[in-house]
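**Q** Before I ask anything, let me first share the structure, which is written out below as structure tokens.
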Ligand code: IPD
Ligand code: CA
Ligand code: CA
């Protein structure tokens with residue numbers, strides 16, 4: 001049954017990609033959410049409605065946590081729970097028309113079971129979980145080398161870097177280099193494929209859920225900076241990284 005759900009959600013990710021590309025050819029509204037740095041568009045809202053409606057058909061018993069308010073009120077992870085980010089990197093979507101993603105995850109009784117990250121402009125669906133490995137489209141990915149901080153590029157969220165807390169400057173200095181792409185989904189893809197050794201950011205459930213499922217499946221680590229396993233339901237300062245980068249960063253972090 002889970003395999004059947006997986007196949008249908010994969011198809012849904014291709015359908016929502018196509019819809020998004022068609023929608024980008026027309027005009028759409030852009031609104032501010034909490035500040036001028038936090039945008040939402042009609043495409044975010046339409047994608048979420050489309051995804052949630054189809055997910056309810058695919059798995060009627062599941063509950064849905066989603067960013068723009070069309071999901072359910074969910075305060076535990078009992079049973080099947082989908083976690084949906086209809087456009088991740090909305091700022092990039094609006095300003096650059098690239099470097100954004102669409103993300104869905106399925107958690108079963110709290111276990112990150114399947115993750116889906118659609119890199120819309122590169123035509124790549126990263127998906128997998130449940131013991132079957134992680135794939136980009138049909139190609140299976142190998143677990144990245146377990147490099148440490150000196151041998152890795154890292155991504156740190158811009159707010160955290162500007163704020164300078166948690167000894168972040170020292171962590172950045174000790175890395176081989178620092179990168180920022182502005183989409184948790186794209187940044188998570190970079191960790192899963194080994195282009196980046198670690199990603200440190202404040203993440204909400206929909207920013208984290210899919211990447212955490214894929215990272216788990218790859219044998220990578222997703223932890224809070226207190227070194228504990230993250231709770232996907234709460235907003236956290238989260239580190240997704242190789243085991244060695246995790247150890248190196250946790251030793252430096254305040
Ligand atoms: C945001 C992006 C960004 C991250 C923010 C997220 P959104 O997601 O992933 O990279 O730094 O914390 O909120 O709002 O564009 O879906
Ligand atoms: Ca979003
Ligand atoms: Ca997001």
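**Q** Which residue fluctuates most in the GNM of the chain (Cα springs below 10 Å): 184, 158, 241?
**A** Of 184, 158, 241, the most mobile in the Gaussian network model is 158.
**Q** Using a 7 Å offset from the Cα along the Cα-to-Cβ direction at both residue 153 and residue 167, what is the distance between the two label points in nm, to one decimal?
**A** 2.6 nm
**Q** Enumerate the residues in segment 201-216 having an amide nitrogen under 18 Å from the point lying 7 Å beyond the Cα of residue 234 toward its Cβ.
**A** Of the residues in segment 201-216, 201-209 have backbone N under 18 Å from the label point off residue 234.
**Q** In degrees from 0 to 90, rounded to the nearest 10, what is the angle of the helix 42-58 Cα long axis to the longest principal axis of the chain?
**A** With both axes taken from Cα atoms, the answer is about 70 degrees.
**Q** Hey, another quick one. Put a dot 7 Å past each Cα toward the Cβ at residue 29 and residue 123; how far apart are the dots in nm?
**A** 3.4 nm
**Q** If a paramagnetic tag sat 7 Å from the Cα of residue 75 along the Cα-Cβ line, which residues of segment 90-113 would have the backbone N under 18 Å from that point?
**A** 110
**Q** Could you check the simple spin-label distance between residue 254 and residue 4, using points 7 Å along Cα→Cβ, in nm with one decimal?
**A** About 5.5 nm separates the two model spin labels.
**Q** For the chain, set up a GNM with springs between Cα atoms under 10 Å and report which of 183, 152, 61 has the largest fluctuation.
**A** Ranking 183, 152, 61 by mean-square fluctuation puts 61 first.
**Q** For segment 164-254, calculate the relative contact order in percent as a whole number, restricting contacts to Cα pairs under 8 Å that are 6 or more residues apart. Numbers along the way, then the final one.
**A** Numbers: 116 pairs, mean separation 30.0, N = 91.
This gives 33 percent for segment 164-254.
**Q** Name the most mobile residue of 112, 60, 144, meaning the one with the largest mean-square fluctuation, in a Gaussian network model of the chain with Cα contacts below 10 Å.
**A** Judging by the Gaussian network model, the answer is 60.
**Q** Here is a further query. Quick check: the angle from helix 243-252's long axis to the longest principal axis of the chain, C-alpha only, nearest 10 degrees?
**A** On a 0 to 90 degree scale, this one is about 60.
A short reminder: the numbers here are calculations on the coordinates, not readings from a lab. Predicted model only: the values in this text are computed from it and were never measured. So basically every Cβ, Gly included, is an ideal-geometry build from the backbone, and we count neighbours across all protein chains shown.
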